[in-house]
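First comes the structure, then the notes that go with it.
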Amino acid sequence: MVARESRTARSDLNLSIERMTEHDLLEVIEIEESSGISAWGWDAYHKELESPHDSIMLVARLRSPAPGHQIAGFIVARVLGHEFHVNNVAVRTEFRGRGIGRDLLQTVMNGARKLGASLGLLEVRAGNEAAQRLYQRCGFSVHGRRRSYYSRPVEDALLMTVSLES
């Protein structure tokens, strides 16, 4: 696991990017459910937290918590050999458009690079243009399409990749 120490992000929001813990999972599930991303659920996140593999699970934590929540967003990725795969990333609706998703993604990319990854990949709903723009700003480009990859609703996924080599 990388990113054991916190990293300051978005000082205007008073956030830090920190390693996800079991105590964060209820809020992570809440953000997941409100974001419409592919649902993992508590058990899958908990299992990933306990995984001996090179998982990178981060949260954007509010240092001055808003009523009812402490986490503005999260990201889950895994490094496998020379590749990293972004599994899920989401930001609370009220914090979108403020660079939190970009900060989370860039922190994962830096952590994956430190673990020896040279290529990143992810799938994104073909209709999710906001997420596609975020990934493109971080250097990802479309390299394929997975037909009917998503369910509820059924939708194609775009396969996006990024090189981490300098």
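The values are calculated or read from the model by the stated rules, or taken from the named source; none is laboratory data. Keep in mind it's a predicted model, so treat the numbers as computed, not measured. Glycine gets a Cβ as well: all are built from the backbone with ideal geometry, and neighbour counts include every protein chain shown.
A few remarks follow.
- Here the condition is being β-branched (Val, Ile, Thr), at pLDDT 95 or above and within 17 Å of Ser166 (Cα to Cα); of Val86, Val108, it holds for Val108 alone.
- Pair list, Cβ < 8 Å and 6+ apart or interchain, from the range 19-44 residues that are at negative phi and among the β-branched types (Val, Ile, Thr) to residues that are part of a loop (DSSP other than H, G, I, E, B) and modelled with pLDDT of 90 or more: Val28/Met20; Ile31/Arg92
- When restricted to residues that are in a strand (DSSP E or B) and either among the β-branched types (Val, Ile, Thr) or within 13 Å of the chain's Cα centre (by Cα) (or both), the range 22-72 contains 8.
- Flag if Glu18 is closer than 24 Å to Glu94 by Cβ and either under 13 Å from the mean Cα position of the chain (by Cα) or modelled with pLDDT of 95 or more (or both): yes
- Check on Ser55, farther than 26 Å from Phe140 by Cβ, of a type outside the set (Lys, Arg) and either touching a residue at least 40 places away in the same chain (Cβ under 8 Å) or buried (at least 21 other Cβ atoms within 10 Å of the Cβ) (or both): no
- Restricting the search to strands (runs of 3 or more DSSP E) fully inside the range 73-151 and requiring at least 1 residues that are of a type in the set (Lys, Arg) and either touching a Lys or Arg at 6+ places or on another chain (Cβ under 9 Å) or surrounded by fewer than 20 Cβ atoms within 10 Å (Cβ to Cβ) (or both) gives 119-125, 141-150.
- Checking each residue in the range 152-166 for being farther than 11 Å from Glu123 by Cα, assigned to a strand (DSSP E or B) and not β-branched (Val, Ile, Thr) picks out Glu155, Ser163.
- For the range 137-166, taking the residues that are in contact (Cβ under 8 Å) with a residue 12 or more places away in the chain and of a type in the set (S, T, N, Q), the one that is farthest from Thr93 (Cα to Cα) is identified as Ser163.
- In the set Ser51, Ser38, Ser55, only one residue is within 19 Å of Val108 (Cβ to Cβ), touching a Leu at 6+ places or on another chain (Cβ under 9 Å) and of a type in the set (Ser, Thr, Tyr); that residue is Ser55.
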